[in-house]
Structure formats: structure tokens, C-alpha cells
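Q: Have a look at this one before I ask anything.
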Protein chains: 2
Amino acid sequence: MSNIREVARLAGVSVATVSRTLKSPERVLPDTRDRVMAAVEQAGYRPNLMAVQFRSRRTGNLVILVPTIANTFFARVISGAQQAAQAAGYRLLLCDTQGREALERQFADLVYAHQADGVIQLRAFDPFEGSTSGQDLPPIVNACEVIQQGRHPTISLDNVAAAKAMTEHLIALGHRRIGLIKGSKGSPLTRDRLAGYEQAIRQAGLALDDALVCHGDFSLAAGYAGAGKMLALDDRPSALFCESDEMAIGALKRIKEEGLRVPEDISLAGFDDIPMAAYCDPPLTTISQPAEMFGEKAVEMLIALIEKQPSPARHVVLPFQLTPRGSTARIEPPYSDSSFND
Amino acid sequence: MSNIREVARLAGVSVATVSRTLKSPERVLPDTRDRVMAAVEQAGYRPNLMAVQFRSRRTGNLVILVPTIANTFFARVISGAQQAAQAAGYRLLLCDTQGREALERQFADLVYAHQADGVIQLRAFDPFEGSTSGQDLPPIVNACEVIQQGRHPTISLDNVAAAKAMTEHLIALGHRRIGLIKGSKGSPLTRDRLAGYEQAIRQAGLALDDALVCHGDFSLAAGYAGAGKMLALDDRPSALFCESDEMAIGALKRIKEEGLRVPEDISLAGFDDIPMAAYCDPPLTTISQPAEMFGEKAVEMLIALIEKQPSPARHVVLPFQLTPRGSTARIEPPYSDSSFND
């Protein structure tokens with residue numbers, strides 16, 4: 001049987017090139033590949049198929065599953081991930097999954113198709129659920145919205161503490177009726193933020209009122225609609241806390257349309273600190289999340305899994321910061337009733 | 001030499017499964033693949049390497065090169081592309097290139113690595129420049145910001161006409177000094193929009209003034225800075241036209257900080273019609289682009305190239321619409337000087 005040197009001679013290339021062509025055809029020019037393969041045929045050379053085709057090799061691609069590209073919070077996460085991937089010599093492939101499980105599975109399957117080395121999921125759904133058991137789980141990291149008690153490494157924010165801090169900020173400003181416009185139904189973020197809100201309300205000795213909590217989905221339109229409901233209440237809240245800045249910006253529009261002023265008539269707070277938050281009128285009090293760091297850390301942890309580096313932490317909790325801006329203020333008593341001046 | 005039936009028997013699978021494992025290993029479960037390959041080894045079976053490893057096969061992946069994920073205009077383009085790709089059974093891989101040529105080349109090379117079937121580029125740079133001649137050009141479509149006289153199919157807006165229409169809108173409202181905050185240097189979009197602005201100014205018999213044109217880069221911060229420069233002019237403009245909504249929202253903040261009102265003291269116009277444009281205060285007059293349609297059309301044209309369908313149009317121009325909102329108004333004469341009342 002002929003050997004690799006004969007193939008190289010026939011193709012007019014080096015032995016190293018023949019070897020590279022067989023091992024990693026994607027790394028050679030199409031012309032070279034064609035010549036080498038013609039020579040392989042001509043020489044009747046038979047390398048070990050198993051070795052050349054099925055050896056475990058890396059693609060250099062990382063998949064990141066993004067629930068919605070339209071939310072600028074994720075744009076910041078992606079920017080951090082992109083920089084970390086680049087620095088480590090990986091390509092980041094973004095997949096707009098619209099939060100749909102079928103699409104998430106389909107994109108995650110790029111790993112099985114040997115088109116990616118690992119997956120970052122930014123939503124609380126396991127795209128490998130049911131398809132693998134613990135042993136052969138592909139490298140995956142779950143960041144931002146994480147699966148509770150899941151089997152993947154996670155990077156998250158303490159959403160309970162963050163929402164509690166914002167609610168306490170509003171209570172400290174004298175607000176007693178604080179509306180909450182929630183995120184998407186079923187989202188662990190929303191469950192945690194509601195818990196933090198309720199803790200703060202209870203610890204301040206205030207009453208929880210179902211009418212003050214309404215559903216949303218993190219979008220501008222949901223904030224606009226939610227504020228409409230809150231403002232229509234007989235006993236309307238003096239402060240609104242929205243679980244995303246986009247909802248807060250939507251609410252801001254509605255509040256102004258009702259002829260009310262922020263913060264003089266109603267205080268307004270958001271969550272995320274998207275770039276637009278500092279540009280709205282008034283600038284938005286919000287919870288700043290280290291969005292870029294979510295992306296960076298997720299990529300670092302994923303690469304550690306792929307390259308089987310010792311990965312110290314499986315569950316990383318990133319810090320938040322309450323960023324007070326012009327949209328929240330001390331409540332102004334509507335009457336000269338001294339009981340409001342606390 | 002043993003045959004495929006023997007391999008199937010040894011592996012305990014069907015002949016079809018052996019065939020599929022050899023042709024498309026990514027389509028079989030890892031366990032099955034391992035069993036088949038062990039049987040191939042055991043039987044000493046040697047399929048034609050060339051046929052199994054190097055046949056031209058599609059990956060089902062489309063690469064879209066996005067200059068910046070943070071700009072919400074692109075989020076809309078991506079949303080349209082995603083839906084079209086899904087409907088056609090393709091996966092869309094988004095690549096955040098930050099407008100950097102090295103990254104654009106690297107992501108476009110996924111096609112050479114047989115990890116994608118084609119490329120959509122949203123910026124005026126040819127990622128295959130220098131690496132291929134006309135004949136073996138991979139499937140690629142150039143949308144949004146397009147290369148003039150390039151070799152790729154394009155989908156674009158008539159930016160000259162759109163900018164001219166907005167400038168004429170402002171002139172019709174009585175504005176005589178109209179500032180322009182431009183997009184990124186070197187961008188064909190910016191060159192075309194400047195041309196449209198200049199045409200409208202000239203055709204109205206007004207004077208072009210270099211002081212009224214300043215550079216930007218489509219970002220919030222650039223709009224804020226540009227408005228600062230314009231407002232510092234001794235003879236400041238009565239209207240500002242920004243080449244993106246994000247710049248207009250940045251400018252809006254700066255105008256308000258200077259104690260001026262929009263539109264009473266200064267009219268403000270943007271470009272793109274991002275979701276936030278309708279939510280700012282006042283809502284922004286802008287040029288609406290069919291952003292989703294850019295994505296849809298680009299995917300359709302790319303798939304036509306990949307699948308060698310007859311592709312009717314090589315250069316598609318999409319329609320724009322001037323969307324007047326509250327941020328532009330008839331100029332109010334500062335003095336009772338009748339020459340202003342035109």
C-alpha cells in the first residue's frame with residue numbers, strides 16, 4: 001500500500017500539507033485540497049478513516065443563545081462576550097432564539113454537528129434537556145437568567161437583593177404605594193425581583209396590594225400598558241418600579257401623556273441601566289448590572305470547560321449597583337398633612 | 001475486502017445508518033457513531049474517502065455580519081432575517097464584527113471552513129476581498145450599507161432621496177439654517193445622506209455652511225456632542241437633522257440641558273425609526289426604513305445564490321417613508337419680523 005510521501009510527491013505539496021488536508025480540510029485552500037485528494041485517489045492511499053474524520057477537533061466557534069437581540073441589555077452582554085472570545089481566539093456565533101425552545105435546541109445542536117465547541121444560554125431553559133445525560137453533556141454555561149438547581153455552571157445577579165434595594169430606595173423617599181411592573185411570566189428573574197419587592201414592602205410594615213403588581217414582558221409597549229393600568233387605579237401609586245429600563249421608558253411616555261410629571265407627581269425606576277436610561281427625560285434611576293461582565297465571564301467559563309481547564313467556580317454571582325438619577329424623588333405631600341412628611 | 005453490510009451487522013444497525021454515519025456523522029447520535037466506526041475498524045472496511053469526507057454538502061448555516069449589535073436598527077434587520085431563515089429551514093449565525101475588517105474576514109471564513117453556506121454583510125466592506133476571484137466567490141449578499149459598484153448583490157435604501165426628503169420637510173416648515181449631524185466617517189450611507197441634504201439646501205436657494213455639518217458615528221454620545229457644537233454657534237441652527245435616531249436622542253438630551261425646547265426652539269429629526277423613536281419626548285420625526293425587510297430580502301437572495309435558484313434582481317432598492325412626529329414644527333419667528341413668516 002502506498003504511503004503519505006507518495007501522495008505528497010504526486011500532489012506537489014509537503015507531507016505536512018497532506019497530513020493537514022486529511023485532518024483539517026477546512027484549513028487548506030480548496031485548490032490544494034483538490035490536488036491532495038486527487039493524489040490520494042491516484043496513489044490508492046488509505047489513511048485510518050477513524051483517525052482522520054472522527055478525531056475530536058475544535059471548531060473555534062462558541063454559540064451564544066440570545067432570547068432577543070432587540071433588548072439593548074443583551075447587546076452589552078454580547079459585547080463583553082465578543083471581546084473575551086476574540087481575546088481567547090474563538091469566534092462567537094450569536095443566535096437570536098426569540099426565547100423559543102425549538103430554536104434554542106436547533107442552535108445548540110451545532111455542537112453535535114461539530115460546528116461549535118460549546119454553548120452559552122442567556123435564558124432559563126436547558127437546550128440539551130432530554131437529549132443527554134450528565135456524562136456526555138456538551139460544554140454549556142447558563143448566564144443572566146439562570147435555571148435554578150440546574151446542572152450547568154451559572155453566572156447570575158442576586159435579583160432578590162437588587163429589587164429589594166430599589167424598593168427600599170423608594171420607601172426611603174417616602175413612598176408608601178409602590179407599583180411593580182413585572183417581566184415575562186415564568187421568568188426566574190421576575191420571580192426573584194417580585195420576592196425582593198415583597199420583602200422590602202413587608203419589612204417596612206407596608207401592606208402588599210395585588211392591584212399594585214402587574215404583568216409585563218420587559219418591552220417598551222408593556223411598560224406603556226402597565227403604567228396605564230396603574231394610573232387608572234383609584235388609589236394610584238406614587239412610585240412605579242419597572243423590571244426593565246425599556247418598560248420604564250414605555251411607562252414614562254404614558255405618565256407624561258396623562259399629564260403627570262416625573263418625579264414630581266410620580267417616581268419611576270427601571271432595571272438594567274441600558275445606554276438609553278441616562279438619555280431619557282428625566283434620566284432614569286435604575287439598577288446597574290455589569291452586563292459586559294456577564295458575557296466575559298460566561299465565555300471564560302465556557303472555554304475552561306471546552307479546554308478542560310480547572311474551573312474554580314460553578315456558580316458566579318455578579319454585583320449590582322443602585323444608580324439614582326432624576327426620575328425618583330422624595331414624595332411631595334399633596335396636602336399639608338404632616339403625616340406625609342416622614 | 002469487507003462490505004457495508006458486514007459493518008452494519010457488527011454495529012447492530014441498518015445499512016442506511018452506516019451510510020449516514022459515513023456521509024453525515026453529525027446526523028447520528030454519538031453512541032451510534034462510535035459503534036459504527038468501531039465496526040468499520042473491525043471489519044477493515046474502506047469506503048471511498050473522497051466521497052464521504054469531501055463531498056459538497058450544505059451546513060444549513062447562514063452567517064450575518066453585524067457592525068454593531070448595540071444599534072437597535074440592526075436588531076430589526078436581524079429579526080427579519082431570522083424569520084426568513086427559519087421559514088426556509090436555515091440557521092442564522094449572527095457575528096458582531098464591531099465594523100472591524102479582521103473580524104469580518106474571520107467570520108466570513110466560516111464558509112471556507114464548511115461551517116456556513118453563505119454570508120450576509122451589513123457594511124460596505126467585502127470580506128472576501130483579495131481572497132477570491134469572480135469565479136469561486138462564495139454566496140454573499142450585501143445589505144443596508146452597500147459597496148458602490150461592488151461585485152455582490154445588494155439591498156439598499158435610496159439614502160440620497162431619503163435625506164433630501166427630510167431636509168425638504170424642514171425647509172417647508174420655514175427652517176433656513178439646518179444643522180446635519182453625520183454618521184461614521186467613510187460610510188457610504190453618510191456620503192449619500194450628505195449629498196441629499198446638500199441637494200435640498202441648494203435647490204431651495206439656501207447657502208451651504210460648513211459650520212452646520214458635523215461628524216458623528218451614529219451613537220447617542222455623538223449626537224449629544226454634535227448638538228453641543230451646533231448650539232454653541234453664534235448663529236445657531238433652528239433645526240437639527242441627525243443621521244440616526246440614536247444621535248437624535250443624544251442631541252435631544254443636550255438641547256434640553258441648554259434650556260431649549262423641542263420643537264418650539266429647535267426642530268429635531270432622526271433617521272431609522274427605531275422603537276425608542278416613538279417613545280422619546282417629544283416623539284421623533286424620522287425616516288422609517290423597512291428594517292425587517294432588509295433582513296428578509298437578504299436571506300431570500302442569499303438562499304437563491306446558495307441553492308442556485310434563478311435570482312431575478314441583483315440590486316434591490318427598498319422604499320423609505322418620512323414619519324413626522326412631534327419633534328419638528330414650523331419655525332416660530334423670534335421677533336415680529338415679517339421676513340420670517342414665509
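The values are calculated or read from the model by the stated rules, or taken from the named source; none is laboratory data. The shown structure was predicted, so the numbers you read here are calculated from the model rather than taken from an experiment. No Cβ is skipped: glycine too gets one built from the backbone with ideal geometry, and neighbour counts run over all protein chains shown. The accessibility values were calculated without ligands, DNA or RNA, using every heavy atom of the protein model including side chains. Shrake-Rupley method; radii C 1.70, N 1.55, O 1.52, S 1.80 Å.
Q: Lys and Arg at +1, Asp and Glu at -1: add these up for the other residues within a Cβ distance under 14 Å of A:Leu62 and post the number.
A: Neighbour charge sum, excluding A:Leu62 itself: -2.
Q: Now for a separate question. Which sequence of A:Arg261, B:Arg9, A:Arg20 reflects their accessible areas, 1.4 Å probe, from the largest down?
A: I get B:Arg9, A:Arg261, A:Arg20, largest accessible area first.
Q: Moving to a separate point now. Ordering A:Leu180, A:Leu137 by accessible area with a probe of 1.4 Å, largest first, what comes out?
A: The residues order as A:Leu137, A:Leu180, largest area first.
Q: I've got another one for you. Mind scanning B:Lys164/B:Lys308; A:Lys185/B:Lys297; A:Lys297/B:Lys23; B:Lys185/B:Lys308; A:Lys256/B:Lys256; B:Lys182/B:Lys253 and naming the pairs with a C-alpha gap bigger than 27 Å?
A: Pairs exceeding 27 Å: B:Lys164/B:Lys308; A:Lys185/B:Lys297; A:Lys297/B:Lys23; B:Lys185/B:Lys308.
Q: Continuing with this model, one more query. Using all C-alpha to C-alpha distances in the protein assembly as shown, build P(r) with 10 Å bins and read off the rounded percent in each one.
A: Binned Cα distances yield the sequence 3, 14, 21, 22, 18, 11, 7, 3, 1, 0, 0.
Q: Ok, one more. Go ahead and run the numbers for FRET between A:Ala221 and B:Asp136, Cβ-Cβ distance against an R0 of 51 Å, rounding to 0.05.
A: Given R0 = 51 Å and the Cβ-Cβ separation, E is 0.60.
Q: Chain A: percent of C-alpha pairs farther apart than 37 Å?
A: Here the tail beyond 37 Å accounts for 36 percent of pairs.
Q: Right, something else. What FRET efficiency would be calculated for the residue pair A:Arg151, B:Ser288, taking the C-beta separation as r and a Förster radius of 51 Å, to the nearest 0.05?
A: That gives a FRET efficiency of 0.65.
Q: Moving on. I'd like to know how segment B:242-302 sits against the 2.2 N^0.38 Å rule of thumb: what's its Cα Rg over that expected value?
A: 1.37
Q: I'd like the accessible area for A:Glu332: 1.4 Å probe, protein heavy atoms, all chains in place, Å² to the nearest 10.
A: 110
Q: Got a sec? What order do A:Asp235, B:Asp234 fall in by accessible area at 1.4 Å, biggest, i.e. largest, first?
A: B:Asp234, A:Asp235
Q: Using only alpha carbon pairs under 8 Å that are at least six residues apart, calculate the relative contact order of chain A and give it in whole percent.
A: 17
Q: Compute the angle between helix A:220-231 and the longest alpha-carbon principal axis of chain A, please, reported from 0 to 90 degrees and rounded to the nearest 10.
A: 20
Q: Give me the net charge for the shell around A:Gly326: Cβ to Cβ below 15 angstrom, other residues only, Lys and Arg +1, Asp and Glu -1.
A: Neighbour charge sum, excluding A:Gly326 itself: -2.
Q: Determine, at each q value in 0.11, 0.18, 0.21, 0.22 (inverse angstroms), the log₁₀ of I(q)/I(0) that the Debye formula gives when each Cα of segment A:202-299 is one equal point scatterer.
A: Relative scattering, expressed as log10 I(q)/I(0), comes to -0.35, -0.82, -1.04, -1.11.
Q: May I pose another question? So, by mean Cβ neighbours within 10 angstrom, what's the order for B:152-161, B:238-247 with the highest one leading?
A: Going from most to least packed, we get B:238-247, B:152-161.
Q: Further question: Take the Cα atoms of segment A:98-235, build their convex hull, and give its volume per residue in Å³.
A: So the per-residue Cα hull volume is 126 Å³.
Q: Also, quick follow-up: Rounded to the nearest angstrom and ordered from largest down, what semi-axes does the equivalent ellipsoid of segment A:275-326 get from its C-alpha gyration tensor (root of 5λ)?
A: 34, 11, 4
Q: What FRET efficiency do you get for B:Ala102 and B:Leu322 if R0 is 41 Å and r is their Cβ-Cβ distance, rounded to the nearest 0.05?
A: 0.60
Q: Taking the label point 7 Å from Cα in the Cβ direction, how far apart in nm is A:Gly186 from each other copy of itself, listed shortest first?
A: The projected label point of A:Gly186 is separated from its counterparts by 4.6 nm.
Q: Tally the DSSP beta bridges in chain A and give the antiparallel ones as a percent, rounded to 5.
A: Antiparallel bridges make up about 10 percent of those DSSP assigns within chain A.
Q: Add +1 for every Lys or Arg and -1 for every Asp or Glu among the other residues with Cβ under 12 Å from the Cβ of B:Ala207, and state the total.
A: After counting each charged neighbour, the total is -1.
Q: In addition: Inside 10 Å of the C-beta atoms of B:87-93, what's the mean count of C-beta atoms belonging to other chains?
A: 4
Q: Kindly express, to the nearest 10 degrees and within the range 0 to 90, the angle between helix A:245-257's C-alpha long axis and the longest C-alpha principal axis of chain A.
A: 40
Q: Using Cα atoms only, what is the angle between the long axis of helix B:188-203 and the major principal axis of chain B, expressed in degrees (0 to 90) to the nearest 10?
A: For helix B:188-203, the angle is close to 30 degrees.
Q: I've got another one for you. At 1.4 Å probe size, with every protein chain present, just tell me what the per residue accessible area of the protein assembly as shown comes to in Å².
A: Computed with neighbouring chains in place, this is 42 Å² per residue.
Q: Another one. Could you let me know the centre-to-centre spacing of segment A:131-195 and segment B:100-133, using Cα atoms, in angstrom?
A: Centre-to-centre distance over Cα atoms comes out at 38 Å.
Q: Can I ask one more? Assume the label is 7 Å from Cα along Cα to beta carbon: what separations in nm does B:Ala221 have to the matching positions in the other copies?
A: Taking the point 7 Å beyond Cα along Cα→Cβ, the inter-copy spacings are 3.3 nm.
Q: Nearest 20 debye, what's the magnitude of the dipole of segment A:108-164 about its Cα centre given +1 on Lys and Arg Cβ and -1 on Asp and Glu Cβ?
A: 220
Q: For B:His315, what accessible surface area do you get with a 1.4 Å probe? Give it in Å², rounded to 10.
A: That residue has around 110 Å² of solvent-accessible surface.
Q: For B:Leu208, go 7 angstrom from Cα along the Cα-to-Cβ vector, then report the distances to that same point in the other copies in nm, smallest first.
A: 6.6
Q: Let me ask something else. Carbon-plus-sulfur fraction of the accessible area of segment A:99-164, 1.4 Å probe, in percent?
A: Answer for segment A:99-164: carbon and sulfur cover 46 percent of the accessible area.
Q: Between chains A and B, what is the buried accessible area summed over both chains (1.4 Å probe, protein heavy atoms, nearest 100 Å²)?
A: 5200
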